[in-house]
Each structure stands twice: as C-alpha cells, then as structure tokens.
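For reference, the structure discussed in these notes is given below.
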Amino acid sequence: MAQATPTTESPISGSSVRRGDRVFGGLSKYAGIAVLVIMAAIAVFLVWKSIPSLTTNTGNFLTEPSWNPDGSPPVFGIAALAFGTLVSATIAMLLAVPVGIGIALFIVLYAPKRLASTLAFITDLLAAVPSIIFGLWGLEVLISGSEGIQRWMSDYLGWTIIFRNTLDLYGKSIFIASLVLAIMILPTVAAVSREVILQVPSGHKEAALALGATRWEMVRMAVFPFAKPGMISAAMLGLGRALGETIAVALILSAAFTVNVHLTEPGGNTFAANIALKWNEAGTNGLSALIASGLVLFFLTLTVNMIARWIIARRAEFSGAN
C-alpha cells in the first residue's frame, strides 16, 4: 500500500501570504521613492528661492558682509554661520557622545535592575523636554553659573587660544551654546545606544566572561564590535539635532557675524538661529539670502549623514552582527 508523501509546504505559505508580501514590498518601495522625491523637492525649493539673492549679490558668497540681511556691517557672511554651526555642534558631540555611551553601558551592564529601569525612564523623559526649556535654563542659570570655570579655563588653558578670553567678558558665547546642545542631545545618544547594547547577543558576552575576561574586557571585545554601528548612528542623530537646533541657540548666542576662535567670548551665530531671528525683519532679498543659508545647511547636513552612513557600512563588516 503506497504511503502518502508528506507535504513540505509551509503552513504560513499561500496565495494570501504571497499577496501580502507583494503589497508590503510595493509599499516599502514607494515609501523609499517618496523620501527621495521629498528630499529632491526640498533641494529644488531652496535653490529656486535662493536664486534672487545669488543673482543680485556681487560679492563673495562666503565672506561678503552684504550677505547679512539686516544691513549691519559684519566681518563675515555665510562663513561665520558655518563656523558657529560646526564648532558648536562639534563641541557638543565631543561632550555628549562619550557620556551618553557611558550612561547606556551603565544602565545595561552595571546598574541594578530597579535602578537601571529608573535611569532609563529618566533618560527617555529628558529626550522629550522642549528645546526652549533648555535654552531658558542656559540663559538664566548656565551663563552665570559657569563664569568661574570659564575664568579658570582662560587663566590656565588660555595658551590653547580657544579658551583665551581677551575681553574679560563671560556671557552669551559659542561655549555656552555648545554646553546646552550637549545636554540636549545627551538623552538621544544615551537612549539609542542603550537599545543597541541590549541587542548584543548574550552568547557573545557570556563567552568572553567564560574565557576569563573582566567586565571591561567583555565590553571592549564583545559589546563594542557588535554595537559600534548603532552607536555611530546614535551620535549622528545627536549631531543632526545639534546642527539644526534653533530656539535654544537663539536664546543663548548674541548674534554676530564674526569668526572668533576665542570660544568663551560673546558672539557667534548659527544657520538655524540666524534664520529664526532675522526672518520677520528681512526684506524680499533678505529672505532669499536666509533661504540660501538654509540651502548651505541642507547640503552640510546631507554631507555629514552620507559620511556617517559610509562609516556605518564600513564598520558593519567587522561588527559580528552579520
């Protein structure tokens, strides 16, 4: 008597499942295309609105004072905004990324369970605080509270030039703006890094400990290689917020179109803060100039993210996650 041949068809296969896969694949593809179309539309809009100021400007795009829409005589134009944006975001990253990753490691690997859940909740809650709250805190508390440390840096670290304060004035400066930005992006870096570290396979960590590794050696050899691409992504998310932050920076910086390497001295400006402060008082050509500065910020952010994606793709080959 012939035996029935067992079927190998998966219980979840079928025309309805295949149809669902096709629908989901199509939606995913069109969603990706929509993102590219929106980005291209934004770029076209910025270029189109920037043309009037680009065509009427007879000076240098980077350093011509006439690029200041309010008519005051600055020392630099777009270059000053680029300097303030990049320097403040870079300092914020240098301060926030190591601390954020350290917080994530402590919550996941070192803290007791009850304390870890509390710290994770507080970290996520800080990420939801509006930026204007951070700006007001920096304006009312941090500026006056950090005067002592700024004087100390000028006295003992003034040889580095960047911490030298030749005016003996300690108020609204790029240094204060960088501190506020660091505090703002810290919860984002910590929260994303925490989720990435939680995804590290337990087998990797247990194998390292079983071979006699200390807790730090386990982190260095098992956790970091796996989580490094995700940590880079967390840092890039923080950098994106730092580059585009508006209200907090506008409250703290005393807007000035100057490139001043003495970071604790008053002055400085960023693309986002300048657009927010000058938009209502600028004329037609001034609005076009502001949009042109936004165009520079758009391509700057796009370039930074492309570099970050290249780094992540390159590191992923050695992460052990694939």
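The values are calculated or read from the model by the stated rules, or taken from the named source; none is laboratory data. What you are looking at is a predicted structure, and each value in this text was computed from that prediction instead of being measured. Ideal geometry is used to build each Cβ from the backbone, glycine not excepted, and the neighbour counts take in all protein chains shown.
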Problem - Qualifying residue in the range 192-202 (condition: modelled with pLDDT under 90 and out of contact with any helix residue (DSSP H, G or I) (no Cβ under 9 Å at 6 or more places or on another chain)) - result: yes
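Among the residues of the range 136-168, which ones are out of contact with any Asp or Glu (no Cβ under 6 Å at 6 or more places or on another chain) and outside any helix (DSSP H, G or I)? First the steps, then the outcome.
Initial filter on the range 136-168 (out of contact with any Asp or Glu (no Cβ under 6 Å at 6 or more places or on another chain)): 136-164, 166, 168.
Answer for the range 136-168, where residues must be out of contact with any Asp or Glu (no Cβ under 6 Å at 6 or more places or on another chain) and outside any helix (DSSP H, G or I): Ser146, Leu157, Ile161, Ile162, Phe163, Arg164, Thr166, Asp168.
Condition check ((1) touching a Leu at 6+ places or on another chain (Cβ under 9 Å); (2) of a type in the set (Gly, Ala, Ser); (3) surrounded by 23 or more Cβ atoms within 10 Å (Cβ to Cβ)) across all residues:
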| site | (1), (2), (3) |
| --- | --- |
| Val192 | yes, no, no |
| Phe226 | no, no, no |
| Met236 | no, no, no |
| Arg241 | yes, no, no |
| Leu251 | yes, no, no |
| Asn280 | no, no, no |
| Gly283 | no, yes, no |
Problem - Criterion violated by Val200 - all others in (1) farther than 22 Å from Val296 by Cβ; (2) assigned to a helix (DSSP H, G or I) satisfied - result: (2)
Problem - Verdict on Gly171 being surrounded by fewer than 21 Cβ atoms within 10 Å (Cβ to Cβ), of a type in the set (Gly, Ala, Ser) and in a loop (DSSP other than H, G, I, E, B) - result: yes
Exercise for the section: Please work out which one of (1) crowded, with 20+ Cβ neighbours inside 10 Å; (2) assigned to a helix (DSSP H, G or I); (3) modelled with pLDDT under 85 is the condition Val304 fails and give its number. Expected result: (1)
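Collect the residues in the range 103-140 that are of a type in the set (Gly, Ala, Ser) and surrounded by 13 or more Cβ atoms within 10 Å (Cβ to Cβ), keeping them in residue-number order. Break it down stepwise before answering.
Our first condition is that a residue be of a type in the set (Gly, Ala, Ser); within the range 103-140, this holds for 104, 111, 116-117, 120, 127-128, 131, 135, 138.
Result: Ala104, Ala111, Ala116, Ala120, Ala127, Ser131, Gly135, Gly138.
Taking the conditions exactly as written (within 23 Å of Gly100 (Cβ to Cβ) and surrounded by fewer than 21 Cβ atoms within 10 Å (Cβ to Cβ)), does Pro266 satisfy them or not? Let's see the steps before the verdict.
On the way: within 23 Å of Gly100 (Cβ to Cβ): no; surrounded by fewer than 21 Cβ atoms within 10 Å (Cβ to Cβ): yes.
No: the conditions fail for Pro266.
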Exercise for the section: Give me the pairs, please: first residue somewhere in the range 121-135 and in a loop (DSSP other than H, G, I, E, B), second residue anywhere and surrounded by 11 or more Cβ atoms within 10 Å (Cβ to Cβ), beta-carbon distance under 9 Å, and either six or more positions apart or on two chains. Expected result: Ala128/Pro187; Val129/Met184; Val129/Pro187; Pro130/Ile247
Handout entry: Filtered residue count, the range 87-102, keeping only those that are surrounded by fewer than 21 Cβ atoms within 10 Å (Cβ to Cβ) and either under 15 Å from Ala227 (Cα atoms) or among the small types (Gly, Ala, Ser) (or both)
Key = 2
